[in-house]
Amino acid sequence: MGDAATATGLGRNFADVVALDNVSLVVPEGKLFGLIGADGAGKSTLLRILVTLIRADRGTARVLGYDVAAEFGAIRRLVGYMPQKFSLYGDLSVRENLLFFAEVFGVAGADRRTRMEQLLHFSRLAEFQHRRAAKLSGGMKQKLALSCCLIHTPRLLLLDEPTTGVDPVSRLEFWQILDDLKKQGITVIVSTPYMDEAVKCDHLLLLHRGAARRQGTPADLLAAYPLDLYKVTSPDGAVGMPPAGTPLPPGVSLMYQAAGELRLAGVVTIPAGTLLGHIRRSLPGAAAIERTKPTIEDLLFYELSDREAP
């Protein structure tokens, strides 16, 4: 299998704001490729360039073998795109929305009937097919939007934070659907603010302030985490952040709360015993300080800190 999308040196400005800065990527065909980063990192801009909705100011990109600047018509016939904002017709029913997008993409006759029934079953929306889209729950709206993206059987899906604001059960169902699509050979590029979703991807690209900071499998990215990481607990299970302005313990680069824990990241050039002593003296109320393995969320905190790796 080849590559579903590639980009070299992509850049895009909006007035004086640099939205993308020299971003390169390779998206293997048939994989789930995740984009992660804080708001404003450039995730939506990158997706919109790949789906040919906007042009890059600098650099080149190819999607399914076609140049995004010169061959956008061919690309649009082969991809499906789901923006952040629900963009279907609220006054039309589930079935009517599917019919509309089938018409837009030229899916007609027996192919249209077959494809619609497949998607209604696949998305579990068959029993709601006559309900107006505006009356659907958040999770159902997202599944309908995905079904409309799939009506013309695209080879590549680009999804911009598709589960934001969706309840946890619907989020889980949505990602099960994405995994089923991958098993069918469809490539998926998805941006997500949820780190528990990020680890489900085969490959990740971490963006920060428009720049590509890290790219690779979740396991490879975590193996390259550059600091020693510790979690701090107390008898009641929660340790709060020290008062604002409190200096970090010597040798500690980062201190933050994540997943209900106080976490500290220390430079690896300081002996572990010495570093632990510094931490205990700075946090006398801590019952236990344990070494822990980094998660994708820890990696994101590190990148957002704008600190150089030791």
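Please list, by residue number, every one of the trypsin sites (Lys or Arg not before Pro) in the range 1-75 that is coil in DSSP and has at most 15 other beta-carbon atoms within 10 Å.
Taking the range 1-75 and a limit of 15 other Cβ atoms within 10 Å, the loop trypsin sites (Lys or Arg not before Pro) found are ARG55.
How high is the relative contact order of the range 225-304, given as a whole-number percent (alpha carbon pairs under 8 Å, six or more residues apart)?
41
Give me the percent relative contact order of the chain, please, defined on Cα pairs under 8 angstrom at least 6 residues apart.
Contact order relative to length: 20 percent.
Taking the chain as a Gaussian network, where each spring joins two C-alpha atoms under 10 Å apart, which residue of LEU275, LEU205, LEU25 fluctuates the most?
Result for the chain, Cα springs under 10 Å: LEU275 fluctuates most.
Anything over 23 Å Cα to Cα? Flag those among LYS43/LYS293; LYS182/LYS293; LYS135/LYS183; LYS43/LYS143; LYS43/LYS135; LYS85/LYS135, in the order listed.
Check vs 23 Å cut-off fails for LYS43/LYS293; LYS182/LYS293; LYS135/LYS183; LYS43/LYS135.
For ALA258, which sequence-distant residues (separation of 5 or more, or a different chain) have an amide H within less than 5 Å of its own amide H, given hydrogens modelled in the peptide plane?
Under 5 Å from the amide H of ALA258: ARG263.
May I ask what percent, to the nearest 5, of DSSP beta bridges between residues of the chain are antiparallel?
70
Just in the range 44-145: which chymotrypsin sites (Phe, Trp or Tyr not before Pro) are loop by DSSP and have at most 14 other Cβ atoms within 10 Å?
TYR89
Taking other Cβ within 10 Å of each residue's Cβ, how do ILE279, ILE54 sort, fewest first?
Going from least to most buried by this count: ILE54, ILE279.
Just so you know, all these numbers are worked out from the coordinates, no wet-lab data involved. Computed from a prediction, not measured in an experiment: that's the story for all the values here. Methodologically, a virtual Cβ is constructed for each residue, glycine included, from the backbone with ideal geometry; neighbour enumeration extends over all protein chains shown.
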